[in-house]
Structures are given as C-alpha cells and as structure tokens.
Amino acid sequence: MTRYFYLHGFASGPESAKAKYLRGRFQRLGFDLICPDLNEPEFSSLTFSRQIRQVEAQLTDEPTVVIGSSLGGLTAAWLAERNLQVMKVLLLAPAFEFLAQWLPRLDSLALEQWQQQGTRPFYHWRDRDFRPLHWGFVEDLQQWQDEHLKRSLPTLILHGTADEVIDFAASDRYAAQRPWVTLQPLTSDHALGNVSSQIWRACRQFVNLDAGDGAEP
C-alpha cells in the first residue's frame, strides 16, 4: 500500500488552497493524502531540519510518494534523498536556491536587525497575521545545499514561468543537472492558483492513480 504526503510551503498550512484541492481529488479516488502541519509546535521556532524530522517521524516502511509546494517541495526532495521508501516526488514551484533568492528581498538593515534581535515578523498566510520567526531558521537552512541532492528517482517539477518568489530558472538549473528530473513549465505565478486542473492531471498521471472507471473526477 503506497502512502501519499502533501507538504505545504513556508508560512502556510495544511488547509491551503492547493492542499485542500489535492486532498479532495485523492479522496474522490479512495486515497488518503496526509497533510502534516509543518508549523508545529509553533512557527517562531521553525527550522528546515525540524520539518525534515517531523515528516520522517511519520514515514513507515511502505512505499511513499511525496508532493511538496515551495519550501515543502524542497523538503520533499530532501526526504527522498534520505529515505529510500520515498519512491517518487512531485514538486510544485519548489524552493531551490531559497536563501539566495529570498534574503536579497530584505535590505541589509532588516537582515542585520533580524540577526541582532533574534526574531523578525513574517506574514503567515494560514493565520492571516504576522508571526515572529527566529534567525535560527536562516542558520539552519544554510546547512542544506541543493547540490547534495543526488538520489536518482522519478521526479516531476511543475513551476510557473512567471513565478515572482522562486524564479523558474532555479528549477531549470536543478533539472538540467539531473536526468531523472522532468520539468514542466506552467503559465502561472508562485501560487499556481490558475492551473489547478493541470496540476491534478499531471499528478494523477505521474503518481499513476486509477479511479477505476477512467473518468476524471
């Protein structure tokens, strides 16, 4: 029995639009899509390492497929690198080169204040409010370098060519160095909100889900 996970993005949650959409589609086919809350126990102490450990604690020896969005996509890639029961990964606008693209959007003074003060507020889409995040998030993520992702396994990346958060070129560079990765460009931004049906069709084909009657729910 294959297990299926969906990992949400940074400052998001398991009730995001993509999570709810995909969970509903999986359920209509009779499959459970596990959507852990990666903010637990609280957003302020979030680190990438904590996300990895949290999901790894839920893995079993059963074959596993992981779908990840943005930072959840980067998490999915590292889960597959470290856990051989992960057989396929589907990455939605994955956050490759995350710090290199994200930190320059903060001016040098903001970065200095964040480091000195220890925390900085970020808008949290799940909470619809600002939440503090500890500087340790940056220090921890610096240890996880994309070039160390080398495990060959079926990998499909869906990335919007107009992504304003994680440049499409980051996924292009990642795929170009890994022949087992398929990159599918979409006419969309980082949220991928206008291409839900395309995501589902690609997901269903890639994961090889079968409704039993050939009809698309």
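What to note about this one:
- Any hit, the stretch 41-62, residues being in contact (Cβ under 8 Å) with a residue 40 or more places away in the chain and assigned to a strand (DSSP E or B): no
- When residues of the stretch 1-11 are limited to those that are more than 16 Å from the chain's Cα centre (by Cα) and modelled with pLDDT of 95 or more, the one surrounded by the most Cβ atoms within 10 Å (Cβ to Cβ): Arg3
- Filter result (open to solvent by less than 70 Å² (accessible area, probe 1.4 Å) and more than 17 Å from Asp37 (Cβ to Cβ)) within the stretch 123-136: Pro132, Trp135, Gly136
- Applying the criterion of being of a type in the set (Asp, Glu) and surrounded by 11 or more Cβ atoms within 10 Å (Cβ to Cβ) to the residues of the stretch 137-164, the residue that is nearest to Val66 (Cα to Cα) is Asp146.
- Members of the stretch 77-88 found to be farther than 13 Å from Ala175 by Cα and either of a type in the set (D, E, K, R) or in contact with a strand residue (DSSP E or B) (Cβ under 8 Å, 6 or more places away or on another chain) (or both), listed by number: Leu79, Ala80, Glu81, Arg82, Asn83, Gln85, Val86, Met87, Lys88
- Being in contact (Cβ under 8 Å) with a residue 24 or more places away in the chain, within 21 Å of His190 (Cβ to Cβ) and assigned to a strand (DSSP E or B) is a property that Leu22 lacks.
- Residue within the stretch 56-71 that is among the acidic types (Asp, Glu), touching a His at 6+ places or on another chain (Cβ under 9 Å) and either closer than 20 Å to His148 by Cβ or open to solvent by less than 10 Å² (accessible area, probe 1.4 Å) (or both) present: no
- Test: Asp107 is more than 20 Å from the chain's Cα centre (by Cα), acidic (Asp, Glu), closer than 24 Å to Leu33 by Cα and open to solvent by 30 Å² or more (accessible area, probe 1.4 Å): no
- Check on Phe43, closer than 14 Å to Arg3 by Cα and more than 14 Å from the chain's Cα centre (by Cα): no
- Some residue of the stretch 12-19 being aliphatic (A, V, I, L, M), within 19 Å of His134 (Cα to Cα), surrounded by fewer than 16 Cβ atoms within 10 Å (Cβ to Cβ) and in contact (Cβ under 8 Å) with a residue 12 or more places away in the chain: no
The values are calculated or read from the model by the stated rules, or taken from the named source; none is laboratory data. Quick caveat, the model's predicted, so the values are computed rather than measured. Positions of Cβ are generated from backbone atoms using ideal geometry, with glycine treated the same way; all protein chains shown enter the neighbour counts. Note: areas computed on protein heavy atoms with side chains; ligands, DNA, RNA excluded. Shrake-Rupley method; radii C 1.70, N 1.55, O 1.52, S 1.80 Å.
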